[in-house]
Amino acid sequence: YMGKGWEHFSHDADMGVRGFGVSMERAFEQTAHALTAVLTDPEHVHAEDMVEIHCEAPDSEFLLVDWLNALIYEMAVRKMIFGRFEVSIENNRLSAKAWGEPVSVDKHHPAVEVKGATMTELAVRDTPESEWMAQCVVDV
């Protein structure tokens with residue numbers, strides 16, 4: 001897959017995160033990379049410790065918000081930052097593994113704190129280019 005993986009889009013004082021992929025799962029993984037990139041360069045994150053994340057929602061858009069908020073929660077509670085993700089989705093149930101390391105101010109230079117994923121600009125859809133796009137605005 002050689003397309004664009006993820007990108008940011010500006011939204012007032014907050015930041016939009018958008019991921020692309022050949023499947024909804026890949027788009028969710030890329031949106032998680034975009035989330036990490038709000039804080040630091042994902043290339044600098046050493047994927048050594050694995051955390052499992054499970055969530056369930058009525059539809060794929062709510063599932064995206066739950067997924068990102070679960071990651072934000074794990075980052076806050078474990079004081080970790082994640083650089084690698086593996087997502088599987090079945091019947092609006094998400095199971096994921098996220099690999100990362102403890103946050104180091106010296107190494108990661110976290111610019112902002114992400115407080116949460118929001119319903120703003122929330123979208124999960126199959127694009128005409130037969131790839132998936134998943135996006136929302138995160139509160140920073």
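Read the figures in this text as sums done on the coordinates, not as results from a lab. Source: prediction; values computed, not measured. A quick note on method: Cβ atoms are made from the backbone with ideal geometry, for glycine too, and the neighbour counts reach across all protein chains shown.
Considering all alpha-carbon pairs of the range 1-56, what whole percent are spaced by more than 16 angstrom?
I get 52 percent for the Cα pairs in the range 1-56 exceeding 16 Å.
What 222 nm value per residue comes from the helices of the chain, counting each DSSP H run with n ≥ 4 as -39,500 (n - 2.57) and dividing by all residues, nearest 500 deg cm²/dmol?
-9000 deg cm²/dmol
If I model a spin label as a point 7 Å beyond the Cα along the Cα-Cβ vector, how far apart are those points for Val77 and Arg93 in nm?
About 2.0 nm separates the two model spin labels.
I need the shape label for the range 48-122. Rule: rounded when a/c is under 1.5, else prolate if a/b > b/c, else oblate, with a, b, c from the alpha carbon gyration tensor.
oblate
Dipole magnitude of the chain about its Cα centre, charges +1 at Lys/Arg Cβ and -1 at Asp/Glu Cβ only, in debye to the nearest 20?
Computed about the Cα centre, the dipole is about 140 debye.
Nearest 10 degrees is fine. How inclined is helix 24-39 to the longest principal axis of the chain, computing both from alpha carbons?
Once rounded, the angle reads 30 degrees.
Per 10 Å bin, what percent of the C-alpha pairs of the chain does each bin hold, from zero upward?
13, 48, 34, 5, 0
So what's the angle, to the nearest 10 degrees on a 0 to 90 scale, between helix 60-78 and the longest Cα principal axis of the chain?
The two axes meet at around 10 degrees.
Modelling each spin label as a point 7 Å along the Cα-to-Cβ direction, I'd like the Glu48/Lys107 distance in nm, to one decimal.
With each label placed 7 Å out from Cα toward Cβ, I get 0.6 nm.
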